[in-house]
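Below is one structure, written out as structure tokens; the observations come after it.
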Amino acid sequence: MTSSAPALGGVLAAEGSGDGFQAPGLGEFYPEVIASFSLLGIDFEITRITLILWVATLAMIAFLVAAVRNPQIVPGRLQFVGESGYSLVRDGIARDVVGPKGLPFAPFLAALFFFILANNLMAIIPFAQISPMSKFAFPLVLAAICWVLYIWIGIREQGAGKYFKDILFLPGVPKLMYILVTPIEILQNFVVRPFTLAVRLFANMFAGHMLLVVFSLGAVYLFSRDNFSIVFGPISALMAIVMTFFELLVIFLQAYVFTVLMGTYLNGSIEAEH
Amino acid sequence: MSILAAESANPLLPPVGEIIIGLIAFAIVLLVMFKFVAPRFEQVFRARREAIEGGIERAEAMQAEAQAALEQYRAQLAEARSEAAQIRDQARAEGQQILEELRAQAQEESARIVARGEEQLATARQQVVNELRGQIGTLAVQLAGQVVGESLADDARRSGTVDRFLAELDGMAAAGDGAVGARKSTR
């Protein structure tokens, strides 16, 4: 049932046939296509991962709506949890990182945070155990939206001329240094920022999932051997558990880091560069 | 099989379908956040801030009110005190005035009584003197006539003698009056 079912089958088959341990590979991230259809020449594939994406998204929406359905001045438990998350983004990022003009961006940043968090959490939720964010398409979409947004806000707040001039010719830099600084700044603002934003999230979830799968399947493989390797089985299982907790940390951290970085980019667009 | 296809796939080259699905999913979250969740949260934050600030404001208003009441009470107390002092002073002054009036009245009364007494005394004395003058004249003439034994022929001479005698008597009486006045002034 899990995403690692083919890999698990591989492990057990290897046990039967006497082949060595077959480490899980990229196949983890390309599960079987449940259904596929074509719309306007674009192929859509429904897989476990897209289903998990929808489950995570709808669950998060349901949670948020339930949290604010009947808002009270003295919050209930659910409202308190939702409020804490929203306040973290609103006060901690929109107000403190983006700056005094940042509060209108709070809903966008909160949506970003909650969307990433919900999808990340799927990495350790039983029977899902893979985050849609370990598919590059989804972090890429978010990064692309952020990229468009912070450039648009920069043009809107500073004017196109000043915004691009400040990026091309960083103020306060000796003229000769522009030979070095200008290409770096262009690369930084228009390529590196969105790319790192997407890759950081993707790679963390990708690697996290691989770690969990390797330790879990390793434990199964070691337990299924009839020889001395059974001693190492518990170690592998323990590592899988430890890595799950580590993954929990990464899940929150990556959701937060993505949002904070978007906050700093927005701050750079709103306030003139120093 | 997709697994076989996957082995050759590049994980950094996502299919367009997934990108569109990601866009739609995030757009839905954005929509719900902007239209429903964020406004509700902001509303709660605002209500909470107002509740806290309202509480502080109410407390401040109450304190100000209490302070005002205290001031008013103190002012009233001071006013009452000064009023009482004023009334006391006024009463004292009035009493003094009444006393003065009474004293003056009494003095006046006594002066009037004394004056009337003196007047009556003077009148009585004058009456006595006049009576005495008539009687003494007659008596003296009779007495002198009897003593001398002769009736004085000439009325003119007779009245001259009597007048002279009476004048002498008056002079004696005047001397006596002066003695009486002197005695009165020393009292």
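None of the figures in this text is laboratory data; all of them are computed from the coordinates on show. For clarity, every value in this text was computed on a predicted model and none was experimentally measured. Cβ sites come from the backbone with ideal geometry, for glycine too, and all protein chains shown count toward neighbours.
Might you check whether a residue that is within 14 Å of chain B (Cβ to nearest Cβ), β-branched (Val, Ile, Thr) and free of Cβ contacts under 8 Å to residues at least 12 places away in the same chain occurs anywhere in the stretch A:167-186? Among the residues of the stretch A:167-186, not one is within 14 Å of chain B (Cβ to nearest Cβ), β-branched (Val, Ile, Thr) and free of Cβ contacts under 8 Å to residues at least 12 places away in the same chain, which makes the answer no. Can you name the residue in the stretch A:29-63 that is more than 22 Å from the chain's Cα centre (by Cα) and closer than 24 Å to A:LEU212 by Cβ and is also farthest from the other protein chains (Cβ to nearest Cβ) among such residues? Ranking the candidates gives A:ILE34 first.
Selection of helices (runs of 4 or more DSSP H) fully inside the stretch A:133-192 by the criterion of at least 1 residues being in contact with a Phe, Trp or Tyr (Cβ under 7 Å, 6 or more places away or on another chain) returns A:137-158, A:178-187. Only a single item in (1) hydrophobic (A, V, I, L, M, F, W, C); (2) under 25 Å from A:PRO104 (Cβ atoms); (3) loosely packed, with under 15 Cβ neighbours inside 10 Å is not met by A:VAL173, and it is number (2). Taken over the stretch A:64-80, the criterion of being assigned to a helix (DSSP H, G or I) and in contact with a Phe, Trp or Tyr (Cβ under 8 Å, 6 or more places away or on another chain) is satisfied by A:LEU64, A:VAL65, A:VAL68, A:LEU78.
Of the residues in the stretch A:229-239, none is out of contact with any strand residue (DSSP E or B) (no Cβ under 7 Å at 6 or more places or on another chain), of a type in the set (Phe, Trp, Tyr) and part of a helix (DSSP H, G or I).
Counting just the residues of the stretch B:16-46 that are more than 7 Å from chain A (Cβ to nearest Cβ) and not aromatic (Phe, Trp, Tyr), which one comes out farthest from A:ILE52 (Cα to Cα)? Among them, the one singled out is B:ARG46. In the stretch A:142-166, the qualifying residues are those that are without any contact (Cβ under 8 Å) to a residue 60 or more places away in the chain and among the small types (Gly, Ala, Ser), and the one that is farthest from A:LEU117 (Cα to Cα) is A:GLY161.
State whether one or more residues within the stretch A:64-86 are acidic (Asp, Glu), surrounded by fewer than 24 Cβ atoms within 10 Å (Cβ to Cβ), more than 8 Å from chain B (Cβ to nearest Cβ) and out of contact with any helix residue (DSSP H, G or I) (no Cβ under 6 Å at 6 or more places or on another chain). Within the stretch A:64-86 (the criterion being acidic (Asp, Glu), surrounded by fewer than 24 Cβ atoms within 10 Å (Cβ to Cβ), more than 8 Å from chain B (Cβ to nearest Cβ) and out of contact with any helix residue (DSSP H, G or I) (no Cβ under 6 Å at 6 or more places or on another chain)), the answer is no, since none of the residues qualifies.
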